[in-house]
Amino acid sequence: MLPDITKIIKQRKSYRNFNSQPLTNSVIAKLQNFANHLPEGPFGNKCKFYFVQTDLDIRNFYKQGTYGFIHGARNWIVSSTSESGKMNFEDLGYLMELIVLYATSLDIQTCWVGGSFRKRYFHNKVNNNTGDIIPAIAAIGVAEPYEGTLNAIIKWSVQSKKRKPWKSLFFLDNMDRPLTESEAGQYAIPLEMLRMAPSSSNIQPWRIIKEMNRDVFHFFLLRKKRIKEFHKFFNIYDIQRIDMGIAMCHFTEAAKEQGNHGSWQFALPQFLFPKNLDHVATWYGRSA
């Protein structure tokens, strides 16, 4: 859908300091047109995306005591989806990341916000009376180069520039054997693009097991007790599932750019895996 997807993924960064100038109507029109022409998610869910402008008083829409302070942002992507759809959060993460990457291609900066915002505020901004939920938003605009002491501390605390190495994320046949780039073959680039995906607090919850001698990749979500308790305490949706959708977007779109088309299926893998891993879905390459 997007040309030069690997180049765009490498350009994308999360920014928390914006220049306070709203985006022009022509830029918003491009973004809205792109969002309006998105297909259903890979798992069949329809999602809606709105582009709204706010004032600069962050007290209006941030929950106190939660991570994610963003300064100067005037424009936001607001996502919505049905609360009950199967794989709804994964689809939302996938599609909204496409919008984020499209914005990146326009030299527009972004930052995902999954938990630290007042949902009712944005429900009112988009007149959402359909019963759909708003699991995530994203700041969007032109970033300022200087982020200040607070955001420097936030970046340091979540280590936002760091990415886990291959040996911690990708495996061959089981969790005991890390997958090397040479063993990944033509999927080395899609996996590297997945590794660069953003995630809540940079947790990087995805774990992928490739089957030996087959283009079959099992996607797992690594659950952490403290994250689950955090979500429950602050009444936050399961944003780690959104993280999985973002990762699937990076992997799938990069694979397609390499000429590797495939499909997502739900069949459980025929091997044992740790109890703290949730099987999300499996990618079957065309040759599998």
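The values are calculated or read from the model by the stated rules, or taken from the named source; none is laboratory data. Bear in mind the structure is a predicted one, so any value in this text is a computation, not a measurement. Positions of Cβ are backbone-derived with ideal geometry, glycine not excepted, and every protein chain shown enters the neighbour counts. Side chains included, ligands, DNA and RNA excluded: accessible areas come from the protein's heavy atoms. Shrake-Rupley method; radii C 1.70, N 1.55, O 1.52, S 1.80 Å.
Can you give the FRET efficiency for residue 175 and residue 256, using 1/(1 + (r/R0)^6), R0 = 22 Å, r = Cβ-Cβ distance, to the nearest 0.05? Working shown, then result.
Values: r = 28 Å, r/R0 = 1.25.
Efficiency, from the Cβ-Cβ distance: 0.20.
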Cα-Cα over 32 Å, subset of 13/119; 13/46; 125/164: 125/164
Which aspartates and glutamates does residue 167 reach when only Cα atoms under 13 Å apart count, and residues fewer than 8 places away in its own chain are ignored? 176, 181, 183, 192
Can you tell me, using C-alpha contacts under 8 Å and at least 6 residues apart, the relative contact order of the chain as a whole percent? 21
As an exercise, identify the trypsin sites (Lys or Arg not before Pro) in segment 80-140 lying in DSSP coil whose Cβ has no more than 16 other Cβ atoms within 10 Å. 86, 118
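Can you give me the % of accessible surface on the chain that is carbon or sulfur? Probe 1.4 Å, all protein chains present, nothing else counted. Before the final figure, lay out each step's value.
Numbers: 6840 of 13640 Å².
Exposed carbon and sulfur together represent 50 percent of the surface.
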Expected unfolding gain across residue 164-residue 130 under the 0.36 nm per residue rule, minus the alpha-carbon gap, is 8.3 nm
Could you pull the Cα extents of the chain along its three principal axes, largest to smallest, in whole Å? 54, 39, 38
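Within the chain, what's the longest run with no chymotrypsin sites (Phe, Trp or Tyr not before Pro) in a DSSP loop and at most 16 other beta-carbon atoms within 10 Å? Give the range, please.
Numbers: sites that count: 67, 69, 146, 234, 266, 271.
Answer from the scan: 147-233.
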Whichever aspartates and glutamates have a C-alpha closer than 17 Å to that of residue 224, once near sequence neighbours (fewer than 8 apart) are set aside: 238, 243, 278
Under 1.5 on a/c is rounded, so check that first for segment 71-124, then, if it is not, pick prolate when a/b is larger than b/c and oblate when it is not; a ≥ b ≥ c are the square roots of the alpha carbon gyration tensor eigenvalues. oblate
For the chain, report the accessible area per residue in Å² (1.4 Å probe, heavy atoms, rounded to an integer). 47
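Test of the criteria: in segment 159-205, which trypsin sites (Lys or Arg not before Pro) are in a DSSP loop and have at most 16 other Cβ atoms within 10 angstrom of their Cβ?
Working: sites: 161, 162, 163, 167, 195; in loops: 161, 162, 163.
Here the trypsin sites (Lys or Arg not before Pro) that fit, given the DSSP loop and packing criteria, are 161, 162, 163.
So for 253, 144, what's the accessible-area order with a 1.4 Å probe, most first?
Values: 253 15, 144 75 Å².
Accessible-area ranking of 253, 144, largest first: 144, 253.
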Would you mind computing, in nm to one decimal, how far apart the modelled labels at residue 19 and residue 40 are, each placed 7 Å from Cα along Cα→Cβ? 4.2
